[in-house]
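In what follows, a single structure is set out as structure tokens and then discussed.
The values are calculated or read from the model by the stated rules, or taken from the named source; none is laboratory data. Please read all numbers here as calculations on a predicted model, not as lab measurements. Here Cβ is always computed from backbone atoms with ideal geometry, including for glycine, and neighbour counts include all displayed protein chains.
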Amino acid sequence: MNNPRPFADNEELTELRQQMLSFARLQLSDEQQAEDVVQEALAGALKNAAAFNRSASLKTWVFAILKNKIADALRGRYRQPQMTDIDDCKDCSLADDQLFDERGHWHKNERPQRWDAPEQLVHDEHFWRVFDRCLDAVPAEQARVFMMREFIELDSQEICAALELTTSNLHVLLYRARLRLRECLEDHWFGAGENA
């Protein structure tokens, strides 16, 4: 029998709510709107608790609801554009010369490594803890754009409209975020002796 109250543990709910707020703040850059979408997501989860069949973890299920609420909020900004603090790559300071030589080729020790069976990592909780730490190390503007694209699954046009970015600026931010994440994951997961 399914548990009609998936949030029976107050400590678990408090921790989950804090994680949701951190993610919503990063995506929305608006404290009040972040609070609102988290409250809406939790209210939706409680309202539909009977639909939670435990085929996914509680966190995954609730974050899927939150993801949709954030996407709705971001899409709502198209009708009411807002200024953003993302400028032309303010925090894109992972210097290309740290990764590439003067001819644009990878430095020998910076070449991307082959990742064995990356599709299996979706089910590895420790990998996601390392990924979260790596994402936290990415400058906020880059992390926000990366999560909008890869997690919330907004298309480039939607992200550019929501954040008042040019397509080329978006691509630079995504490129830099992916470089930083790759570097961090190779240092702390794929290249680590014991998977950090």
- Item | Residue count, the stretch 137-196 (criterion: of a type in the set (S, T, N, Q), under 21 Å from residue 73 (Cβ atoms) and in contact with an Asp or Glu (Cβ under 7 Å, 6 or more places away or on another chain)) | 1
- Starting from residues that are among the acidic types (Asp, Glu), crowded, with 16+ Cβ neighbours inside 10 Å and farther than 19 Å from residue 26 by Cβ, keep the ones in the stretch 142-191 and report whichever is nearest to the chain's Cα centre (by Cα). 183
- May I ask you to list the residues in the stretch 134-158 that are within 19 Å of residue 69 (Cα to Cα) and in contact (Cβ under 8 Å) with a residue 60 or more places away in the chain? 143, 144, 147, 148, 151, 152, 153, 154, 158
- Failed item in (1) modelled with pLDDT of 85 or more; (2) surrounded by fewer than 12 Cβ atoms within 10 Å (Cβ to Cβ); (3) within 27 Å of residue 64 (Cα to Cα), with residue 122 passing the rest: (1)
- Note on the structure: The helices (runs of 4 or more DSSP H) lying entirely within the stretch 17-99 that contain at least 3 residues which are at pLDDT 85 or above are 31-47, 58-76
- Where a residue in the stretch 56-68 is at negative phi and loosely packed, with under 15 Cβ neighbours inside 10 Å and its partner, wherever it lies, is part of a helix (DSSP H, G or I) and at pLDDT below 80, with Cβ under 9 Å and at least six apart: 57/125
